[in-house]
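In what follows, a structure is listed as structure tokens, so that the remarks can point back to it.
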Protein chains: 2
Amino acid sequence: MPKPFPPCPFQKLSPSQLKRDDRFFMQLAYNQALEAWHLGEVPIGAVIVHEGTVIASAHNRVEASKDPTAHAEILAITQAAHALGDWRLNGTRLYVTKEPCPMCSGATVMSRIDTVIYGVKDPKMGCMGGAYPVQELPQLNHKVKTLPGIFEEECHELLQTFFALKRAN
Amino acid sequence: MPKPFPPCPFQKLSPSQLKRDDRFFMQLAYNQALEAWHLGEVPIGAVIVHEGTVIASAHNRVEASKDPTAHAEILAITQAAHALGDWRLNGTRLYVTKEPCPMCSGATVMSRIDTVIYGVKDPKMGCMGGAYPVQELPQLNHKVKTLPGIFEEECHELLQTFFALKRAN
């Protein structure tokens, strides 16, 4: 297998299990993003939590699987649905390092996720507040709550560095 | 396997191969929607066409696969990407019996589909003009064209009948 390009200068995190708060779960999503980088993918990662337990962990795999739907969030949502045995993910929290794109923002609504917690805002493509708030469409049956800016600086630096190194080469 | 409920009162179509126009391909999507009904799913179907050839056909499978991402369009997009060996679906046309939901509308943007042709508008959840036009977000790299209202009456009757029969029981 070819070496990932550019090589990843960041290290995986080992957040303390003593405080399983939003920052803790976002660090798990961040570790997933590093996995994506190691595979040469845009480094975005996601985890889904149900009653304090991680039921899904995934990262972007668009290039590896040659599938435009293989975003971290979509893969995590499918995993979570299998874990719960139901396509309705009520009561779950999705942690993702970057604000979801139009597709993934819509997926959080359709899958009835309770809350989407994201790291860095995406004013260009983000559809949970950055470019547009799809969760605020007036006639939706299900309202997704959003919580932006958790572990934001680190998530931002990760993406910024990835694209800077890509451009530099 | 339990019988589909309610039973489907519509017949599959056999459109003439002599005129492979938008109406022709939408009838193939309609046949996919009937397949969904036979499985007890909300009857929505999709096909993707590249250079006049159908490269993907799929229908809604949310209930059967217990996966909220298993909409006709998402499944068809994954199939089409595999068929082309590339996640970028430039030059393809997606035919779908109902206006795409927030997730699927976003997926058409992210997968760089050329044109989305849909049957019936969805003013509540449709994100290609009905409730919101996601393809018109100002900063998108890729602009998806839309063509609503093809084979609209039949697609509308199909969905309307499905929900009426569901409610009646």
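Descriptive notes on the structure:
- For the range A:1-105: rounded, prolate or oblate by the Cα gyration tensor [a/c cutoff 1.5]: oblate
- Residues considered: B:GLN79, B:GLN135, B:GLN17. Largest GNM mean-square fluctuation over chain B, using C-alpha springs under 10 Å, is found at B:GLN17.
- Per-residue average of Cβ from other chains inside 10 Å of A:116-129: 2
- For the protein assembly as shown: Kirkwood Rh in Å [reciprocal of mean 1/r, alpha carbons]: 20.4
- With a cut-off of 12 Å between beta carbons, the residues surrounding A:ASN141 carry a summed charge of +4, where Lys and Arg count +1 and Asp and Glu -1.
- Formal net charge of residues neighbouring B:VAL109 (Cβ-Cβ distance under 13 Å; K, R +1; D, E -1): +2
- Cut-off under 5 Å, modelled amide H: who pairs with B:LYS98 long-range: B:GLY45, B:GLY119, B:VAL120
- Built amide H within the under 5 Å cut-off of A:ILE113, gap 5+: A:LEU89
- Amide H contacts of B:ALA56: B:ILE48, each under 5 Å away and 5 or more positions distant or on a separate chain (H built 1.01 Å from N in the peptide plane; Pro and chain starts excluded).
- The A:ARG88 and A:GLN11 beta-carbon pair, evaluated with R₀ = 41 Å, returns a calculated FRET efficiency of approximately 0.65.
- In terms of other Cβ atoms within 10 Å, A:TYR30, B:TYR95 run from fewest to most in the order A:TYR30, B:TYR95.
- Mean sequence separation of contacting Cα pairs (under 8 Å, at least six apart), scaled by the length of chain A, corresponds to a relative contact order of 19 percent.
- The residues packed around A:ARG61, meaning those with a beta-carbon under 13 Å from its beta-carbon, carry a net charge of -4 if Lys and Arg are +1 and Asp and Glu are -1.
- Computed from backbone phi, the HN-Hα couplings of the range A:83-93 come to 4, 8, x, 7, 6, 8, 9, 3, x, 9, 10 Hz, rounded to whole numbers (Karplus: 6.51 cos²θ - 1.76 cosθ + 1.60, θ = phi - 60°; Gly and Pro given as x).
- Order by protection proxy (mean Cβ within 10 Å, highest first), peptides B:96-103, A:8-15: B:96-103, A:8-15
- Label-to-label distances for A:SER14 across copies, nearest first, come out at 6.9 nm, using points 7 Å from Cα in the beta-carbon direction.
- Neighbour counting of Cβ atoms within 10 Å sorts the residues B:ARG88, B:ARG93, fewest neighbours leading, into B:ARG88, B:ARG93.
- Part-to-part distance (alpha-carbon centres) for the range A:28-90 and the range B:80-143, which is given in Å: 22
- Using the rule -39500 (n - 2.57) for each DSSP H run of four or more residues, divided by the residues of chain B, the 222 nm mean residue ellipticity is -11000 deg cm²/dmol.
- Shielding of A:80-86 by partner chains, average beta-carbon count, 10 Å: 2
- Taking every residue in A:107-113 and counting other chain Cβ atoms within 10 Å of its Cβ, the average works out to 5.
FYI, it's all coordinate maths here, none of it is from the lab. On a predicted model such as this, the values are computed, not experimentally measured, just so you know. FYI the Cβ positions are ideal-geometry reconstructions off the backbone, even for glycines, and counts take in every protein chain you see.
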